[in-house]
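The values are calculated or read from the model by the stated rules, or taken from the named source; none is laboratory data. Just so it is clear, the model here is predicted, and its values are computed rather than measured. Neighbour counts are summed over all protein chains in view; Cβ atoms, including those assigned to glycine, are modelled from backbone coordinates with ideal geometry. Calculation scope for accessible area: heavy atoms of the full protein, side chains included, ligands and nucleic acids excluded. Shrake-Rupley method; radii C 1.70, N 1.55, O 1.52, S 1.80 Å.
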Amino acid sequence: METSLHRAMKSMYAASDADTEVRLGDYRIDAIRGDELIEIQFASLSAIRPKIQALLKRHDVRIVKPIINRRRIVRQATAEGPVLGRRLSPKRGALLEIFDELIYFTRVFPHPRLTIEVPMVNVQHWRLPPDRRKRRRRGKDYKTKDYVLESIESTHELRTTADLLNLIGSDQLPHPFDTAQLAGHIECPRGTAQQIAYCLRQTGALDPCGKRGNAILYRAA
């Protein structure tokens, strides 16, 4: 089921209402603006990888991959019932989360016809009680009713490997650097830094240039 958030973003990016959900050959395109095809993707980028690879052969493509910056939780007992409560989730999104997706997209990005746009969005997350008829040992204690756009905090465009290096502030890292230094610089676990380094290496943004003990050293390509 399409969310209010997805509908709002399609309208935001399309040239007109007639330019949403457009059939193009074997594919349905979320929005068209001029000569650019726009795909708004909340799920994993890996799910649209074959589609994007096919479209890039003839078209300019913009993938809009929102990251939730702040989430306002709105609770209801029933879909048509009154609001029981609202609260801001303490969790905050981070722009570096885009690497969680790019790691599955390194065979597509970068590409001269491709732009990945990352809006940091503030949303309302409307929740209902879970369906008790579905027996699960573990699971969420709610069922999502809808996501509603409140605002866009900021927007970031990725077109080249230089844009990826800017995300990690590579110009402020030692030359060369290892993933322990990267983890300290961007304040993340070592495992996350290793995943980011792998992604940057696969996209051609980083080159391995030696070792320090067992640690691989990297430099900007």
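What the table shows:
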read-out	value
Test: residue in region 73-85 that is of a type in the set (Gly, Ala, Ser), farther than 24 Å from Pro129 by Cα and open to solvent by 20 Å² or more (accessible area, probe 1.4 Å)	no
Residue match in region 131-140 (condition: out of contact with any Gly (no Cβ under 8 Å at 6 or more places or on another chain), small (Gly, Ala, Ser) and open to solvent by less than 40 Å² (accessible area, probe 1.4 Å))	no
Hits in region 168-195 - residues which are touching a residue at least 60 places away in the same chain (Cβ under 8 Å) and either open to solvent by less than 40 Å² (accessible area, probe 1.4 Å) or in contact with a Gly (Cβ under 7 Å, 6 or more places away or on another chain) (or both)	Ile168, Ile186, Cys188
Test: residue in region 16-30 that is modelled with pLDDT of 95 or more, open to solvent by less than 20 Å² (accessible area, probe 1.4 Å), assigned to a helix (DSSP H, G or I) and farther than 26 Å from Cys188 by Cα	no
